[in-house]
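The structure under discussion appears below in the form of structure tokens.
Read-outs: derived from the displayed coordinates by stated rules, not from any lab. The structure presented is a predicted model; accordingly, all values stated were derived computationally and were not measured. Every residue, glycine as well, gets a Cβ built from its backbone with ideal geometry; the counts of neighbours run over all protein chains shown.
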Amino acid sequence: MQSKLKSQLLERARAIGADDVRVTAATLPTEHTDRLRQWLDAGRHGEMDYMARSGEKRASAETVLPGAKSVIIFAFGYGQQKAMPVYSVDEVGSAKVRVAKYALGEDYHLVLRQRLEPVVEWLSTELPGNQWRVCVDSAPLLERAFAVEAGIGFWGKNTMVLSPRAGSFFFLAEIVTTAEIAPDPPITGTCGNCTRCIDACPTAAIVAPYELDARKCISYLTIEKKSELTAEESSQLHGWAFGCDICQDVCPYNKFTNPTPVAEFEEGRIVHASESVETFGEPASNSAFERRFAKSPILRPGRRRVQRNARLAARKRG
Ligand code: SF4
Ligand code: SF4
């Protein structure tokens, strides 16, 4: 019964553009909470206070749905058609600034929530009497750890989940449920001797294999950090106005990833990977900014921070 349900689930997942779907239990093994605790105690989450507030609660899906028994986890690739240029230090100071691939199209929170709705409807008829909750990077869940437990991929030294099928350029989305569904096993996989991501990170944010100091990471500085950037931080954007892909661009697991089948995520839908500074600088009011970046994740940090990032990213260093 459950294997039939799983194969139908995979079919439905593929039909809505997902690369993979797997299931795991609602509570993570303690190794994930131990790791989270060490990271938080070292202060590596910076100003992401929500991480500290929810802490270990993120390891149980009961936090988002009381009585939860299973987490169904989907991976949606956002690889692009065009080969994206790998970062080069010579580009810094150009009139173009860089945008992380995940933010080139429409906001995945909205797109994936919509795409998962019919799957929830179907599951509700297959397994009646249960509750279902869709989570897309908005609920307090250790999404990547759930993905590793479900066998979507394994931990990379850059702290991303590496899927042998999809590399690491994919979004995660979950359906948490009170239904008991047989879990899938984790997969084995390893970075081996590779250290490309650690060597390529321009801010040395990957302080050791599998350990990221978010406070040094360009993604954190351009998107998450709410207070002003220090002079040192301001000089560390290396051409990036929104996010950073370097430690994924250099990863051999991303060499052969397929372009996304989800039209909303395609490069140029909202912005290009290499975008002119003016694109960000031009909107002269919050409402103009909201119109230009409607449906984009670029809206999230707000106009002031995005425009500051673009200015700093374009600035010549030294
Ligand atoms: S996203 Fe960029 S800054 Fe952050 S760890 Fe990766 S390479 Fe370093
Ligand atoms: S670049 Fe190499 S070390 Fe880093 S995550 Fe990819 S395989 Fe692992």
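The table below gives the values:
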read-out	value
Sorted peptide list for 214-220, 47-53, 13-19, criterion being average Cβ within 10 angstrom, highest first	214-220, 13-19, 47-53
Given charges at Cβ of Lys, Arg, Asp, Glu: the chain dipole, positive-most of F154, S3, L112	L112
Vicinal HN-Hα couplings computed from phi for the range 69-75 (Karplus, 6.51 cos²θ - 1.76 cosθ + 1.60; Hz; Gly/Pro x)	10, 9, 10, 9, 10, 10, 10
Spin-label zone in the range 60-77 - amide nitrogen under 18 Å from a point set 7 Å from the Cα of I187 along the C-beta vector	72-77
25 Å tail of the calculated P(r), the chain, as % of Cα pairs	51
Potential extension, K57-R315 segment - 0.36 nm per residue separation minus Cα distance	88.8 nm
Cross-link reach list, lysines versus K226, counting only Cα pairs under 30 Å and skipping chain neighbours closer than eight places	K57, K96, K101, K157, K216, K295, K316
Gained length - Q81 relative to R14, 0.36 nm times residue gap less alpha-carbon distance	22.3 nm
Pairwise FRET efficiency - E121 versus E232, Cβ, R0 = 45 Å, nearest 0.05	0.35
Among A288, C217, S274 the positive-end extreme of the charge dipole of the range 196-314 (Cβ point charges)	A288
Span-rule helices in the chain, defined as complete DSSP H runs reaching 18 Å or more along the axis (Cα) with Kyte mean at least -0.5	108-126
FRET efficiency, D41 to F256 (Cβ-Cβ, R0 51 Å, nearest 0.05)	0.85
Taking the chain and dividing mean pair separation by its residue count, relative contact order in percent (alpha carbons under 8 Å, at least six apart)	27
Nonlocal amide H pairs with I181, under 5 Å, H built at 1.01 Å	none
The range 257-318-the range 1-73 distance, computed between alpha-carbon centres (Å)	29
Chain lengthening between M48 and S276 when straightened (0.36 nm per residue, less Cα-Cα)	79.2 nm
